[in-house]
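Report on the following structure.
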Amino acid sequence: MLIEPTALSDQGRADLQQPNLNRHESVREHLQERLEREVADLEERIEMLRRNQAPHTAIIIATYERMIDRKKGFMSTWGMGERTGE
């Protein structure tokens, strides 16, 4: 059943809450593992780009670094510090 946009409340974004990631610990762990793996992959790509000079390398590296910063910022916001010893 589709809900018409006019049927939605007009309370705006005040009712929007952040999802409770602690509710399902397995989802949280999976998300953290995936983000850590993505950050590691991006860091590897940056190292490869630094070793092999190619056109537009600086732009690509800067983009990857921004992606890493955003992923780490998300993890920090949600209390997903990087694991050590694994």
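The values are calculated or read from the model by the stated rules, or taken from the named source; none is laboratory data. Small disclaimer: the values here were computed from a predicted structure and weren't measured. Every residue, glycine as well, gets a Cβ built from its backbone with ideal geometry; the counts of neighbours run over all protein chains shown.
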Check your understanding: Is it true that MET67 is at pLDDT below 95, under 16 Å from the mean Cα position of the chain (by Cα), among the aliphatic types (A, V, I, L, M) and under 23 Å from ARG28 (Cβ atoms)?
Key -> no
Check your understanding: Quick one: in the stretch 37-69, which of the residues that are touching a Lys or Arg at 6+ places or on another chain (Cβ under 7 Å) and under 19 Å from MET80 (Cα atoms) is surrounded by the most Cβ atoms within 10 Å (Cβ to Cβ)?
Key -> VAL39
Exercise for review: Quickly run through the stretch 43-75 and pick out the residues that are basic (Lys, Arg) and touching a helix residue (DSSP H, G or I) at 6+ places or on another chain (Cβ under 8 Å).
Suggested key: ARG45, ARG50, LYS71, LYS72
Exercise for review: Would you check which residues across the stretch 20-59 are of a type in the set (Gly, Ala, Ser), more than 16 Å from PHE74 (Cα to Cα) and not in a loop (DSSP other than H, G, I, E, B) and list them?
Suggested key: SER26, ALA58
